[in-house]
Every structure is written in C-alpha cells, then in structure tokens.
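A quick write-up on the structure given underneath.
The values are calculated or read from the model by the stated rules, or taken from the named source; none is laboratory data. Keep in mind it's a predicted model, so treat the numbers as computed, not measured. Cβ placement follows ideal geometry from the backbone for every residue including glycine, while neighbour counts extend to all protein chains displayed. Remember, those area values only see protein heavy atoms, side chains included, never the ligands or the DNA or RNA. Shrake-Rupley method; radii C 1.70, N 1.55, O 1.52, S 1.80 Å.
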Amino acid sequence: VSELRALVRTSWFRLALLSVAVQAAVVVFVLAAVYQLTAADVDRRTDAALAAEIDLLADEYARRGLPGLVRVVADRSGSELGSLIYLVATPRGQPVAGNLSHWPADLRADRRPAMLQLADPARDGRAVPVSAIAFTLTGGYRLLVGVARTERVELQRRIETSAAWILGLTLVLGLAGGVLVSRRAMRQVERINGTAARIVAGDLRERVPLAGTGDELDRLARNLNGMLDRIEHLMAGMRQVTDAVAHDMRTPLTRLRTRLERAAAEGGDPDAMRRALEESVEECDRLLAVFRALLGIAEAEAASGEAGFAPVDLGRLAEEIADLYGPAAEEAGISIHLRVPVEPVAVLGSRELLAQAAANLADNAVKHTPRGGRISLAAEPDRGEGPALVVADTGPGIPEADRGRVLQRFVRLDASRGTPGHGLGLSLVEAVARRHGARLVLEDAGPGLRAVLRFPRTGRPPPPPP
Ligand SMILES: Nc1ncnc2c1ncn2[C@@H]1O[C@H](COP(=O)(O)OP(=O)(O)O)[C@@H](O)[C@H]1O
Ligand SMILES: [Mg+2]
C-alpha cells in the first residue's frame, strides 16, 4: 500500500493520468460528434415522415371534409401509440378519432411545429418526445399530427452506453499502464538512490547497474557512473599527490634537520657553521621550488573559462624559449633548431602559463638529450587539426607504456634518476594543456621524444596578437 502511495506521487504517474484524461476527452469528443451527425440525419427523416403525413391528411380533408378526415385518422391510428400520433378533437378538446387519449395541455392549434412529451403506454408510460403540429379545422375542430422521436432517444441511449464503456476501459487501461510505467521507472530510480546511499556510506567504487534499455534513465545512470569514475580518479590523484608530497618532502626535510643539528652540535668553527647554513638555505630553496610547482599545477587545474586569456603567438613563444635555452643547450653540446612560419600562429590563452609549459618541455629536452644531439622547436599553423607547439629531441625518448604515467605528479622514470627534477614538469604541461582545451601528446621521434601541444581548432581566424 505504501508502495502504491509512493507510485501515485511520482511524476510518471501524474503524466499517465494526464494522458488518460486527454484520451478520455478525445473519446467524449468523437462520440459527441458521431451523435450530432447521426441525430441530424434521424431528425431529417422524422420531419420528412411528419410532412408526408400532413400532406396526406390535408388532401383527404380538402376532398371529403371533416368526416373524411375522421375516417382516415381512425383508419391510420391503431389502438396503441405507434411512431405516428393522430388526434381529431372537438373545439372543447374531446377526442373524436386518433390514438391519443386527450388533447395535450397547453398545445395550441396554430400550425407551428412543437415538441411534446407524451406518455407511451407501450413503454410503461414512459415519456416519449414527440414532434407535433396542430391545426384548427372548420367549426373549431382541432387536428394533431405527431411523430415519436423514439429512434432519436434510442440513439442517445446507445451512444451513452458506449461512451460509458469506452471511458471505463480507457480509464482502467490508462491507469494500469500508468502504474506499470511508473513502477518500472521508480525501480530504476530506486537503484540510483541505493547506489548513491551506499556511496555516501563510504564506498566510492559503487556504480549504478544499467537496465540495458538505453532509455533516458539508463543514460542518466551511465552519466552518473561516468561522473563517479571521474570523482574516483580525482580522489585517487589527490591521494597520490598527498602520498608523494609526504614522501618527497620527508627526505629533504630530514636531511635539513640532520645538517642543522650537526652544525649546532659541532659549534666552534664559524666556517663550518656558515657552510652548513648555506647548504640548508639551498635545501629550503629546493623545497620551495617544489611547492611553487605544485601550486602552479593546482592553480592551472582550478581555473576555468577564458578569463585572462589573450591571443598568444606560438611562433614568438618558440623563439623566446629557444633564446632562453640556447646557452644551456650550447653548454651541453646540443643544437637547437627553430621552425616557425612567417605568419603568426595565434591561439587564445594565458601567455604566462603557455610560456611555463613550453619552458618545461624544453627543459626536459635539454636534460635528456646526450651531447651531440639536437632539439627542434616548432610552431605549426592550423592545418585542420588545430595549431600546435612541438618540442622534439634526439634523446632516449619515453617508452610507450610510460607515456601516460609520466604525466602524473612526482613520477620520474628510472632512467632519469641521475638528472635533477621532481617529476612535476610534465604534470604542469598537462594541466596547462587542459586549461586551454589543448592536448599534450607524447610521441616517438625515432629516436627521441616529440611532445606536441595541440590546441583546439580555431574555426574563426583568431585575432592577430598585438
Ligand atoms: N624529453 C624527454 N626524454 C626522455 N624522457 C623524458 C623527457 N621528458 C620527460 N621524460 C621522462 O618523464 C619524466 C617526468 O618528466 P617531468 O614531469 O618533466 O619531471 P622531471 O623533469 O622533473 O623529471 C622524467 O623524469 C623523464 O623520465
Ligand atoms: Mg621536467
């Protein structure tokens, strides 16, 4: 019972009710139209019969006068009230001939069509509607001719019965359908609710089971599951970061602490003391750099929309990065090649973030490319796939299996143990890419790594950079 009450409260049930009401209205309308059309036809036939009867009697009256009329009326009216009704009466209303026992009260003999309700003895004295016309004859005698409208009454009765049946059926079937539909829908919603409750209770791995029907509730369930996947992914990412931060900070902090402790214990030698303090400051700077990088990533990830975006020329950006890393590359025995088209390669974005991302890619390239290698920096105009910034090197590259992993925070490949860094560079590039709706693609440059920052297609030509 409580389930039924809950069902009745659902929006599906209300919708079903509405549709039943509409169907019922249509049924009533159609039957009413049928009745109108048929009744008009029946009326026409009744009127024609009455007119024919009047013609016949008028003819007889004209030829043989009142006695002839009385004879014909007596002939034509049986003892019972048939569908044709006759009455010849004296001026005072005394019946002379006909099948009506008395002159109807308040019927005036003025040749105007009138509607009467006459008791029909053949039908238990029930009232029958009759169309009648009354005439005044010579000497004040009166004549009444009428046609019973039984057919019309019968028709109305039949239509009313059918209407009752059809309406009843529509109602029953409609309500049953409504209950069925809302029960199905409610079950699916209950499944979603149940999953949500279990998730609230703590198990983020719960998913809404799909009914497999592909209807809107199934799509809702699929979207919810997608959302849960994303949340779980983000939570996992957060946990990984917290773990990594804790882990990565512990070593340098412990080192710092030991160094300071030892300096304090040794005392005495001011030179040793100063060296220990200088080393500690360096250690602190490294820690601060890591925090800065983490904050930068978090900031890029948290921001959304195009606030603060301006047209940026990827060509100019590549040139600046090449200038910036030129000296370091030269020192490491690496050549830098710049491939930039004459016309600007404009994208909409944050100049600062894009410069940081490009610098990180260039930094990796310089770090991982052996002496004698080469780095190429390129800006590609939109050729259908969207404009791109490309940084390629001739170093060891990243094995395909690790290309997803290196984008995570603090992930450094074993091969890079010897190089400085905290495994945050590519994470920032990835965050910056996402902030710009761009994709970071790592490819095999055979040999080496090619990092492509592919921006969304511009569609409209972007405004030229200032
Ligand atoms: N150009 C490259 N060639 C080879 N390996 C690379 C290159 N760029 C990045 N990697 C690998 O990806 C890892 C993550 O890079 P990154 O996030 O920039 O961190 P970091 O540079 O601090 O190590 C690096 O440790 C390295 O193993
Ligand atoms: Mg790096």
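Let me check something: with ligands and nucleic acids excluded, how do Y86, Y141 order by accessible area (1.4 Å probe), largest to smallest?
Accessible-area ranking of Y86, Y141, largest first: Y141, Y86.
Please label the shape of segment 211-359 as rounded, prolate or oblate, based on the square roots a ≥ b ≥ c of the eigenvalues of the alpha-carbon gyration tensor (a/c under 1.5 means rounded; beyond that, a/b larger than b/c means prolate, else oblate). Display every interim value, and only then the final one.
Working: a/c = 3.39, a/b = 1.35, b/c = 2.52.
Oblate is the answer for segment 211-359, as a/c is 1.5 or above yet b/c matches or exceeds a/b.
I need the shape label for segment 331-438. Rule: rounded when a/c is under 1.5, else prolate if a/b > b/c, else oblate, with a, b, c from the alpha carbon gyration tensor.
Oblate is the answer for segment 331-438, as a/c is 1.5 or above yet b/c matches or exceeds a/b.
What accessible area per residue comes out for segment 61-181, rounded to a whole number of Å², with a 1.4 Å probe?
Accessible area per residue, segment 61-181: 59 Å².
Using a 1.4 Å probe on the protein chains only, how many percent of the accessible area of segment 99-212 belongs to carbon and sulfur?
59
For the chain, return all DSSP H helices satisfying: extent of Cα atoms along own axis at least 30 Å; mean Kyte-Doolittle hydropathy at least 0.0.
11-76, 150-200, 270-302
I'd like the carbon and sulfur percentage of the solvent accessible area for segment 33-74, probe radius 1.4 Å, heavy atoms only, ligands and nucleic acids excluded.
Solvent-exposed carbon and sulfur of segment 33-74 make up 61 percent of the total.
Where a ≥ b ≥ c are the square roots of the eigenvalues of the C-alpha gyration tensor, would you call segment 81-239 rounded, which needs a/c under 1.5, or, failing that, prolate if a/b is larger than b/c, or oblate? If you can, show how the numbers build up before the last one.
On the way: a/c = 7.93, a/b = 6.23, b/c = 1.27.
Prolate.
Counting only residues 5 or more places away or on other chains, whose amide H sits under 5 Å from the amide H of A97 once H atoms are built in the peptide plane?
Result for A97 returns V88.
Using a 1.4 Å probe over the heavy atoms of the protein chains, calculate the carbon and sulfur portion of the accessible area of segment 352-466 as a whole percent. Mind dumping the intermediate values first?
Values: 2820 of 5610 Å².
The C+S portion of the solvent-accessible surface of segment 352-466 is 50 percent.
Any idea what the relative contact order of the chain is, in percent, if you count C-alpha pairs under 8 Å spaced at least 6 apart?
Rounded, it is 10 percent for the chain.
For segment 1-122, what relative contact order do you get, as a whole percent, if you take Cα pairs closer than 8 Å and at least 6 residues apart?
Details: 66 pairs, mean separation 15.3, N = 122.
Normalised by residue count, the contact order of segment 1-122 is 13 percent.
Say the dipole of segment 386-466 comes from +1 at the beta carbon of Lys and Arg and -1 at that of Asp and Glu; which of G437, G418, G404 then lies farthest toward its positive end?
Checked the options; the winner is G437.
Could you give the accessible area per residue of segment 184-290, probe 1.4 Å, as a whole number in Å²?
Here the residues of segment 184-290 average 69 Å² of exposed surface.
Out of the GluC sites (Glu not before Pro) in segment 159-259, which ones are loop residues according to DSSP with at most 10 other C-beta atoms within 10 Å?
none
Nearest 5 percent is fine: what portion of the DSSP beta bridges confined to the chain is antiparallel?
That works out to approximately 90 percent antiparallel.
For A33 and A401 in one chain, what is 0.36 nm times their gap in residues minus the Cα-Cα distance, to one decimal in nm?
Details: separation 368, 0.36 × 368 = 132.48 nm, distance 7.54 nm.
Between A33 and A401, full extension yields an extra 124.9 nm.
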